[in-house]
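These notes concern the structure reproduced below.
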Amino acid sequence: MADAKGDEVLVEAQMPLGRWPILSYGVGHMLNDITSACWFTYLLLFLQEIGLAPRDAAIVMLSGQFADGLMTILAGEMIDRFGHFKLWHIGGSILVGISFSSVFGGCLLCTILGTDSYLVRTIGYSFFAAVFNIGWAATQVSHMSMVNCMTLNSTSRVALASCRNAFTMVANLGLYAIALVVFALVSTKACSDIVLQYRWIAYVSIFVGCCFLVVFYAGTKEPTLQSGSDCKKSARISWGYWFKKALYYQVALLYMLARLITNVSQSLIAFYVTRDLKMNEYSKAIEIKWNSRRLKSLLTIGAILWVISGAAVFVLPSQMHNLMYPLAMVIGAANALVMVTTIGLESALVGDDLNGCAFVYGSLSFLDKMSCGIALFVLESYEDSISCGETRGLYTVSRFGTGLIPSCFAVFSLLVTSTLKLQDTNPRAAPSATAALEAPLLV
């Protein structure tokens, strides 16, 4: 009787998902995505506008990245052991909303202690940056690891990941649309007015993200596949299982490089366009992203686009700053390609090994957070403070970080991609992995 019921569960799990479950799942990361876009685009600029030195602003971001990296490992381990994906997602989303508004809303610790000292401000912003990233990591790992436990149908898995990727792009475009409106409505007569612009951008971003969360919680059921009879037939997968797979290290490197390319460039592009190219504030809200079908080939194309556009950004003189608009389109396309394809490779790596899927997503995110935090800290440590209207030299940190360094990461990713062979995966996961490479990314 139990075997018959288990067989029914397996048959149902292998059926394709409908459009509504896919759509409701896809919007579940919108709060994370839109706040992340705001975080990497405007946080360093915001902190320096309120008086923090570039190195201390980088310390704030680094504290968040380290907290995020550690939380991804913890969340992955706890989810693999106990499940409850939506509970982790809800808890993380609450932390994201509260802490994100606290960072851009002002120094809450300064208000509590009744002082506005520089040290207290740095500690206060670092604390809430860490809280934000802890919540962000819990939401991210729970949401990403849902994919493999919602269905055994490989096409539906690709559709879930693709829908999530599509709404990530919507979130990025949405942020820049919000920024354009805020920049148009809130005038800036002094540097202090810029802080008010960032706060409005942050508050509106949280509101928009929370609206999409309502759709996610209403339309997405708690995944039960992980605790079903099929999963009980095998013991929980240990960490060592993944460390013995060559594909794990290849995907880890590619995912880390993709995140370094997008996050480092995104964090410094606002400095680059406004300070190096001397463009107006509206140009802080430019980025266009698109997505296409194949993983490995399009990862190669995305990396090549980054090499070309990064080199152009590095040598672009301020007198020709209007060329940044078409370059932003190329960068947006390149970012979309490298991120969509590497996330697809993560799902291909997991395959049908459901009892360890959260660890994979968590450990790869750990590498991403640590590497991005360290890279931004090192870059900002060499950045000089600058006041409003001050001129800058030709080869600045923001120019290196927006153009040359991401191009170097892209070259490295090309080398890793050339060694990628999915047939090295476990035979049990091979059909799913192959389907992940062959199925359309947007359904």
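The values are calculated or read from the model by the stated rules, or taken from the named source; none is laboratory data. Everything numeric in this text was worked out from a predicted model, so none of it was measured. Cβ sites come from the backbone with ideal geometry, for glycine too, and all protein chains shown count toward neighbours. Surface accessibility is based on the protein's heavy atoms, side chains included, excluding ligands, DNA and RNA. Shrake-Rupley method; radii C 1.70, N 1.55, O 1.52, S 1.80 Å.
Among the candidates 216, 207, the residue that is among the aromatic types (Phe, Trp, Tyr), open to solvent by 10 Å² or more (accessible area, probe 1.4 Å) and modelled with pLDDT of 85 or more is uniquely 207.
Inside the range 93-145, can you point out the residues that are closer than 15 Å to residue 56 by Cα, open to solvent by 10 Å² or more (accessible area, probe 1.4 Å) and among the small types (Gly, Ala, Ser)? Those that are closer than 15 Å to residue 56 by Cα, open to solvent by 10 Å² or more (accessible area, probe 1.4 Å) and among the small types (Gly, Ala, Ser): 117, 126, 130. Just one of the numbered conditions (1) crowded, with 20+ Cβ neighbours inside 10 Å; (2) hydroxyl-bearing (Ser, Thr, Tyr); (3) modelled with pLDDT of 85 or more is not true of residue 198; which one? Every listed condition holds for residue 198 apart from (3). Among what's in the range 78-89 and is surrounded by 17 or more Cβ atoms within 10 Å (Cβ to Cβ) and out of contact with any Lys or Arg (no Cβ under 7 Å at 6 or more places or on another chain), pick the residue that is farthest from residue 222 (Cα to Cα). Applying the filter and picking the extreme gives 78.
Within the range 219-234, take every residue that is in a loop (DSSP other than H, G, I, E, B) and open to solvent by less than 80 Å² (accessible area, probe 1.4 Å) and give me the one that is modelled with the highest pLDDT.
Here the residue is 220.
Within the set 63, 93, the sole residue that is closer than 30 Å to residue 219 by Cα and polar (S, T, N, Q) turns out to be 93. For the range 403-443, a residue qualifies if it is of a type in the set (Ser, Thr, Tyr) and modelled with pLDDT of 80 or more, and the qualifying residues are 407, 413, 417, 418, 419.
If only residues of the range 291-335 that are over 14 Å from residue 406 (Cα atoms) and surrounded by 24 or more Cβ atoms within 10 Å (Cβ to Cβ) are counted, the one that is modelled with the lowest pLDDT is 295.
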